[in-house]
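The values are calculated or read from the model by the stated rules, or taken from the named source; none is laboratory data. Here the structure is a predicted model, which means the values were calculated and not measured. Here the Cβ is made from the backbone with ideal geometry for all residues, glycine too, and neighbour counts use every protein chain on show. With ligands, DNA and RNA removed, areas are computed over all heavy atoms of the protein, side chains included. Shrake-Rupley method; radii C 1.70, N 1.55, O 1.52, S 1.80 Å.
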Amino acid sequence: MQSNAALEYDYTIAKLYTYTAILFGFIGMLIGTLIASQLAFPELNYLFGEYGTFSRLRPLHTNVVIYGFTVSGIFATFYYLSQRVLKVSMAESKIAMTAGKIQFVLYVIAATGMVISELMGYTQSKEYAQMEWPLDLLIVVIWVLWGVIMFALIGIRREKALYISMWYFIATFLGVAMLYLFNNMAVPTYFTSGGLGSIMHSVSMYSGTNDALVQWWWGHNAVAFVFTVPIVGMIYYFLPKESGQSVYSYKLSLLSFWGLMFVYLWAGSHHLLYSTVPDWMQTMGSVFSVVLILPSWGSAINMLLTMKGEWNQLTDNPLIKFMVLASTFYMLSTLEGPIQAIKSVNAIAHFTDWIPGHVHDGVLGWVAFMIMSGLFHMAPRMFKREIYSKKLIEAQFWIQTTAVVLYFTSMWIAGITQGMMWRAVDEYGNLMYSFIDTVTVLHPYYAIRALSGVLFVTGFVMFAYNMIKTMTSAKELTEEPQFRTPMA
Amino acid sequence: MGIRELQGYATFFMTIVFVVILYGYIVYLYRSEKKGEKDYEKLGNIALDDEITSTPINSSNSILDEKKGEK
Ligand code: HEM
């Protein structure tokens, strides 16, 4: 074969993960809306016996949206864009292709196992690390396969320089690998109790404060290396490509990358302020959290400046709307997080609804927006059809933006009210309110959050419908669009 | 010297070291462009010009092409 004429990018694996991202996104957000409604209307806890209680469903929500939706989105966009920025097709590497297929099958098994086992109540009881050890082992295999594919493609690349997005994906791979292993060191209680315990229930190999530290070293870096780093990798590719404008400053992107890598790893102890963790370590967590604003805003501002002179695209391309708003929400949550990490603010914010409020302006406005717009950008290139409906994307954008705003504003008010009420004392130093007083006051805000969930899921259904129609019945394209995604 | 004092010195010197590394990196980025050794900004085009058939932005890693040629 002399010419490359027949050579094409191979999107088989990217398509598979696109399907799972849509499926898990829907399930995860539906559960999110249910648990949000349960907090407002507790009777909803009794819909499905033990399987429908808040305590079963909350970890299921976080796991499905993180490991189902977000990780699928990461894999889908990775298998799409890594080929393109490396200028090499997956079809050129037998290893990558085979490993990719095996990885997807294992992923579906692991994700199904996760949903079933957590519904049944199997859990390690560590946040974002609830899965029991058999699933942990499977995940290690899935992750190693990802590494094999990544480096197989990098090994045969035509583009010698690794585009900045690739750096972020490599960091995702390494960061998660290291921390996942450390945090999931656990022994089944069967072995620690001389046969009394269970083979299916394990306990951490660390104890007490050490366990908490390792847990939040991982926990915060699940935020860093699943919700931030790969999503930054996505926006560095999709926004320039969709707008036809190259990154405003490539040097700034490199600087932000190394800044983020260095600082992010040490912010986790801000989850343990006022706990038994050594004081200097708590302070370190606060300080690193505040410094984190710089590399985060470095990337976000770089993205906004990439649109310089092209702001008209914001009004006529809904995908640009999604991405620009995503980087704006990224700025909001990376300013809000450091504020919450300051000790005196944390004294009010910790354990209150302000925390899930902060989480969701990031995950809804930044993570979900970026994944959906990335998949929208990819769809016409993968399925060779234009996007089914532009009107539907526009409507989805406004509905979901309203949802995000309702979510975080209601939780700001709820959280700060809660924090103030918990610590309010009368002139003799007695607590002024009992717990139920706060619940009564917060009820309307919980109802608003439930409504915001309904709106966000509605938008997600519109996204799913638009994607499915695009795959199956939209107008066929004769040529691959260069920049702007074509839509009817 | 108590642990507190030690921590104080360690923090002070580490801060200086990291600031030097950070600024050193910035200077390195700009200087290597000025000297013409590197052109970072053109790498931004990797995302825009990403057809499999288009010429790589940075000189190619030719192993694959050579293999192709042999066949
Ligand atoms: C329809 C959209 C969603 C709704 C209504 C929703 C609702 C909720 C609720 C009610 C909680 C529990 C808060 C508490 O315990 O007080 C929660 C937690 C959480 N959700 Fe969502 N969620 C949604 C989408 C998402 C998405 C898309 C992601 C990630 C991609 C996500 C990530 C999380 C995380 C990480 C937590 C744990 C927060 C913490 O521990 O502080 N959620 N969500």
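Things to note:
- Look at the stretch A:84-90: the mean tally of other chain Cβ atoms within 10 Å of its residues' Cβ atoms is 5.
- Counts of other chain beta carbons within 10 angstrom of each beta carbon in peptide B:31-44 average 3.
- Local charge for A:Gln418 was computed over the other residues whose Cβ lies under 12 Å away, with Lys and Arg +1 and Asp and Glu -1, and equals -1.
- Relative contact order %, the stretch A:323-445, counting alpha carbon pairs below 8 Å whose residues are six or more apart: 31
- Extending 7 Å from the Cα toward the beta-carbon at both A:Glu480 and A:Met200 defines two label points whose distance is 4.7 nm.
- For A:Met185 and B:Thr11, a Förster radius of 35 Å and the Cβ-Cβ distance give a FRET efficiency of 0.70, rounded to the nearest 0.05.
- In the stretch A:294-338, one over the average inverse separation of all distinct C-alpha pairs is 10.9 Å, which is the Kirkwood hydrodynamic radius.
- Between A:His350, A:Leu47, A:Ile31, the Cα set farthest toward the positive side of the dipole of chain A (charges on each charged residue's Cβ, about the Cα centre) is that of A:Ile31.
- Average other protein chain Cβ within 10 Å of Cβ, residues A:156-166: 6
- Chain A - Debye-derived log10 I(q)/I(0), Cα point model, q = 0.09 Å⁻¹: -0.62
- Nonlocal amide H pairs with A:Val203, under 5 Å, H built at 1.01 Å: A:Val187, A:Thr189
- Mean Cα-pair separation over length for the stretch A:262-319, i.e. relative contact order, pairs under 8 Å, 6 or more apart, %: 32
- Length released on extending from A:Glu43 to A:Lys94, taking residue separation times 0.36 nm less the Cα-Cα span: 13.0 nm
- Counting only protein heavy atoms and using a 1.4 Å probe, the accessible area of A:Thr402 comes to about 70 Å².
- Chain lengthening between A:Ser193 and A:Phe54 when straightened (0.36 nm per residue, less Cα-Cα): 47.0 nm
- Chain A: DSSP helices with Cα axial extent of at least 27 Å and average Kyte-Doolittle hydropathy no lower than 0.0: A:12-40, A:94-120, A:133-155, A:164-183, A:318-341, A:390-423, A:435-472
- Normalised contact order of the stretch A:10-144, rounded percent, pairs of Cα under 8 Å and 6 or more residues apart: 30
- A:Trp354, A:Trp217, A:Trp311, ranked by accessible area, largest first (probe 1.4 Å): A:Trp311, A:Trp217, A:Trp354
- The convex hull drawn around the Cα atoms of the stretch A:212-276, when projected onto a plane and averaged over every direction, covers 5.0 nm².
- The spacing between the stretch A:313-391 and the stretch A:43-85, judged by their C-alpha centroids, is 16 Å.
- Extending 7 Å from Cα along the Cβ direction at A:Val144 and again at A:Thr283 yields two label points whose distance is 4.3 nm.
- Residues in the stretch A:195-203 carry Karplus couplings, in order, of x, 7, x, 10, 6, 9, 10, 10, 10 Hz; the curve used is 6.51 cos²θ - 1.76 cosθ + 1.60 with θ = phi - 60°, and Gly or Pro positions show x.
- The stretch A:252-377 pair-distance distribution - Cα-Cα, 5 Å bins, rounded %: 2, 11, 17, 20, 18, 13, 9, 6, 3, 1, 0
- The order of A:Lys87, A:Lys391, A:Lys469 by accessible area, most exposed first and with a 1.4 Å probe, is A:Lys391, A:Lys469, A:Lys87.
- For A:Ile387, residues with placed amide H under 5 Å, excluding near neighbours: A:Met487, A:Ala488
- For the residue pairs A:Lys241/B:Lys34; A:Lys308/A:Lys469; A:Lys94/A:Lys160; A:Lys160/B:Lys35; A:Lys94/A:Lys390, alpha carbon separations beyond 31 Å are given by A:Lys308/A:Lys469; A:Lys94/A:Lys390.
- Protection proxy ranking, highest mean first, for peptides B:9-18, A:367-376: A:367-376, B:9-18, where packing is the per-residue count of other beta-carbon atoms within 10 Å, averaged.
- Stretching the chain fully between A:Asp426 and A:Glu8 yields a gain of 143.3 nm (0.36 nm per residue, less the alpha carbon separation).
- Theoretical FRET efficiency, 1/(1+(r/R0)^6), r = Cβ-Cβ of A:Lys384 and A:Tyr465, R0 22 Å, to 0.05: 0.65
- Alpha-carbon centroid distance for the pair the stretch A:429-488 / the stretch A:172-231, whole angstrom: 30
- Inter-label distance, nm, simple model (7 Å from Cα along the C-beta direction), A:Val105/A:Lys160: 4.0
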